[in-house]
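Beneath this line is the structure, given in structure tokens, with notes to follow.
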Amino acid sequence: MIDTKERQKLIEKAGELFMRIGIRSVSMDDIARELGISKKTLYQTVENKEELVQLVLEEDTRQDLCIMVDNRHEAADAIDEFLRNSRYFIREMRKVSPTAMRDLRKYYPDIWHTQVKAHQHEFHKGVRANLERGMEEGLYRDDIDAEVIANLYVGMTMMVIDRGVFPAQDRPLSEILRQHSTYHFNGIVNQFGRDRLDYYLKQEDLP
């Protein structure tokens, strides 16, 4: 049996392999070999591959939410916060192969729907809070409905990730998310916010 630190390392390594190669293509033997542990030790830590996939997705959601909280506290304003989040998710999506997303939906549909729903719920709260912050700061238009726009933004994001509209072979997911963020900003900022957005993007553009 491995300790908590090693267990965390197991989840991180499995997640890295799953996202880079695909879930189905990575065996428990591969994971044990990467970690330098026996397969017996691996199965003393997780019951099966499905449980490991579940743990990887839970950890991924936890990390995303921690980053969003940090960005909220560290950002100078709502636009800075949203840009930080956008840069983070675009970079993260560059690490994920289309095969991994397809495998997750096809072979682990229950985990996919459960984890996506949990992530979506927290993501929606973060987007809505950002919209409300931006309006209070005088950076976003004052005639938008934060609840409606948050639902639209999150819904479109889920549509993009599901790849139903944009097949994986057409263009990278990270580029679609980049366009999505730009589209969102152009719809919510007022002139003051647009000037602030242009200033931030001159300092560091979306990746």
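The values are calculated or read from the model by the stated rules, or taken from the named source; none is laboratory data. Computed from a predicted model, the values in this text were never measured in an experiment. When we count neighbours, we look across all protein chains shown, and the Cβ atoms used for this are built from the backbone with ideal geometry, even at glycine. Each accessible area value is taken on the protein alone, full model and side chains, heavy atoms only, with ligands, DNA and RNA left out. Shrake-Rupley method; radii C 1.70, N 1.55, O 1.52, S 1.80 Å.
Note on region 92-103: among residues that are assigned to a helix (DSSP H, G or I) and modelled with pLDDT under 90, the one that is most open to solvent (accessible area, probe 1.4 Å) is ARG102. Quick one: is TYR88 modelled with pLDDT of 90 or more, farther than 28 Å from LYS13 by Cβ and hydroxyl-bearing (Ser, Thr, Tyr)? Criteria not met by TYR88.
When we screen ARG72, ARG87, ARG128, ARG133 for residues that are under 14 Å from the mean Cα position of the chain (by Cα) and over 25 Å from GLU51 (Cβ atoms), the only hit is ARG87. Cβ-Cβ contacts under 7 Å between residues 6 or more apart (or on different chains), taken from a first residue in region 179-190 that is among the hydroxyl-bearing types (Ser, Thr, Tyr) to a second residue that is assigned to a helix (DSSP H, G or I), are listed as SER181/SER86. Annotation: of all residues in region 112-135 being surrounded by 20 or more Cβ atoms within 10 Å (Cβ to Cβ) and hydrophobic (A, V, I, L, M, F, W, C), the one that is farthest from GLY193 (Cα to Cα) is PHE123.
Would you please list the contacts, defined by Cβ atoms under 8 Å and residues six or more apart or on different chains, that run from a residue in region 106-122 that is closer than 25 Å to SER25 by Cα and hydroxyl-bearing (Ser, Thr, Tyr) to a residue that is open to solvent by less than 50 Å² (accessible area, probe 1.4 Å) and not in a helix (DSSP H, G or I)? Partner pairs satisfying both residue conditions: TYR107/ILE23; TYR108/ILE23.
If you go through region 44-67 and keep only what is more than 25 Å from the chain's Cα centre (by Cα), exposed (fewer than 13 other Cβ atoms within 10 Å of the Cβ) and assigned to a helix (DSSP H, G or I), you end up with just GLN44. No other residue among ILE31, ILE37 is outside any helix (DSSP H, G or I) and either basic (Lys, Arg) or surrounded by 16 or more Cβ atoms within 10 Å (Cβ to Cβ) (or both) apart from ILE37. Of all the listed residues (GLU81, GLU175), the sole one being in a helix (DSSP H, G or I), open to solvent by 20 Å² or more (accessible area, probe 1.4 Å) and not aliphatic (A, V, I, L, M) is GLU175. None of ALA118, ALA168, ALA129, ALA150 is assigned to a helix (DSSP H, G or I) and modelled with pLDDT under 90 except ALA118.
What pairs come up if the first residue lies in region 142-163 and is within 21 Å of LYS106 (Cα to Cα), the second is of a type outside the set (Ser, Thr, Tyr), and their beta carbons are under 6 Å apart, counting only those six or more places apart or on different chains? Note: pairs meeting the criteria are MET159/VAL165; VAL160/ILE176. Screening TYR140 on (1) crowded, with 17+ Cβ neighbours inside 10 Å; (2) within 20 Å of GLU16 (Cα to Cα) shows it passes everything except condition (2).
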